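Presented below is the structure to which this report refers.
Values quoted throughout were computed directly from the atomic coordinates according to the rules given, and no laboratory measurement underlies them. Everything numeric here is computed off the predicted structure, so don't read it as measured data. Because the Cβ atoms are built from the backbone with ideal geometry, glycine has one as well, and the counts that use them run over all protein chains shown.
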Amino acid sequence: MYLQCTARQLALERPALMGVINLTPDSFSDGGRLATPLAALEAAERMVEEGAAIIDIGGVSTRPGAAPVGTEEELHRVLPVVERAATHLRAIISVDTSDPEVMRRAEASGAHMINDVRALRVAGALEAVAGSRMAVCLMHMRGEPPTMQRDPVYHDVVAEVRDYLAGRMEACFAAGIDADRLCIDPGFGFGKLLRHNIELLRRLDELAGLGPPLLVGLSRKSMAAALAGAEEALHGEVRPPSERLAGSLALATIAVLRGARIVRTHDVAATMDAVRVAAAIME
């Protein structure tokens, strides 16, 4: 199994890691930490040294309740880092965006991949990727970030996520995007409550059966805090993102054992150890 990312091919016989570079002041985990392109590039270099095969650069927060950001501001945040990373790093450079203009400008700046929480549903996004050679990750999201966690309802969350992703794959094929340029993401925490996330993780192999490499983003999310700190939650306490590493590693391990091929993470070195152990058990 592999993912074709412009002229680069990412082998996925073993699970790969996607390191997260947030360039936003309000991301849920590390917003505002990487205030300059140099700081972002240094962080990305460390992630590559620790084993990240993909660096995912984002200029817009998609946490629950996040406010939208205009195209020019997103370009201002993202492009200087993409240009430097594409020049200096041996990793696949991904841009976390739903904006068609950002997609086009990112490719021109050296990006190899688009990671889209809206699965190319924004007008012009499908055409922007189809007219490129970039890979794309199609993610499931119910609703939009400002409101997506307001009591989402599913009859069968796995079936509904699977059908949505299958539909977006078909839209890509119809637009001329080859299957080897696609990966899919069930969108843990995006319009889903804890019980939905647990069911998705338990039955992740059903989504892996769709064909494209399966990407999961579980790092530092509230799911890890809720499951690891159940007793704390009874008293109204929630572990902050910086204290969710152990839970995140457990979730990443389970995901790999159930078919995930790409794990998106803020903590590359520790997650690499967990993923290697899980992959060794599978082999």
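Could you give the DSSP H helices of the chain that reach 15 angstrom or more along their long axis (alpha carbon positions) and whose average Kyte-Doolittle hydropathy is no lower than 1.6?
Working: long enough: 37-49 (18 Å, 0.33); 71-88 (25 Å, -0.48); 157-175 (27 Å, 0.60); 245-257 (18 Å, 2.25); 268-282 (20 Å, 1.53).
Flagged H segments are 245-257.
Residue order for 218, 126, 12, fewest other beta carbons within 10 angstrom first, comes to 12, 126, 218. Counting neighbouring beta carbons within 10 Å and listing from fewest to most, the residues 265, 6 come out as 6, 265. Across region 33-135, Cα-Cα distances exceeding 17 Å account for 49% of all pairs.
Using a/c under 1.5 as the rounded threshold, could you call region 99-191 rounded, prolate or oblate? The axes a ≥ b ≥ c are square roots of the C-alpha gyration tensor eigenvalues, and prolate needs a/b larger than b/c, oblate otherwise.
Details: a/c = 2.45, a/b = 1.63, b/c = 1.50.
Prolate shape, in that a/c is at least 1.5 and a/b is the bigger ratio.
Would you kindly calculate the translational diffusion coefficient of the chain, applying Stokes-Einstein with the Kirkwood radius from alpha carbon pairs, for 10 °C and a viscosity of 1.306 mPa s, and quote it in µm² s⁻¹ without decimals?
Working: Rh = 18.7 Å.
Value of D from the Cα-based Kirkwood radius: 85 µm²/s.
Summarising the strand pairing of the chain, around 10 percent of its internal DSSP beta bridges are antiparallel. First measure r as the distance between the Cβ atoms of residue 193 and residue 46, then evaluate 1/(1 + (r/R0)^6) with R0 = 41 Å and state the FRET efficiency to the nearest 0.05. So, using R0 = 41 Å, E works out to roughly 0.75. Arranged from fewest to most other beta-carbon atoms within 10 Å of their beta carbon, 154, 2 become 2, 154.
Connecting C-alpha atoms closer than 10 Å in a GNM of the chain, tell me which of 90, 77, 162 has the biggest fluctuation. In the Gaussian network model the winner is 90.
Determine the gain in length on full extension of the stretch residue 121-residue 159; use 0.36 nm per residue of separation and subtract their C-alpha separation, reporting nm with one decimal. Could the numbers behind the result be given before it?
Numbers: separation 38, 0.36 × 38 = 13.68 nm, distance 1.98 nm.
Once the chain is fully extended between residue 121 and residue 159, it gains 11.7 nm.
Label region 152-283 by shape, choosing from rounded, prolate and oblate, from the square roots a ≥ b ≥ c of the eigenvalues of the Cα gyration tensor; if a/c is under 1.5 it is rounded, and otherwise prolate applies when a/b is larger than b/c, oblate when it is not. It comes out oblate by the Cα gyration axes. Its DSSP H runs of at least 4 residues, each contributing -39,500 (n - 2.57), put the calculated 222 nm mean residue ellipticity of the chain at -12500 deg cm²/dmol, to the nearest 500. Across 16, 252, 108, mean-square fluctuation computed from a Gaussian network of the chain (C-alpha pairs under 10 Å connected) peaks at 108.
Extension gain for the segment residue 13 to residue 150, taken as residue separation times 0.36 nm less the Cα-Cα distance, is 45.5 nm to one decimal. Peptides 136-145, 40-49, 208-217 ranked from most to least packed by the mean count of surrounding Cβ atoms within 10 Å: 136-145, 208-217, 40-49.
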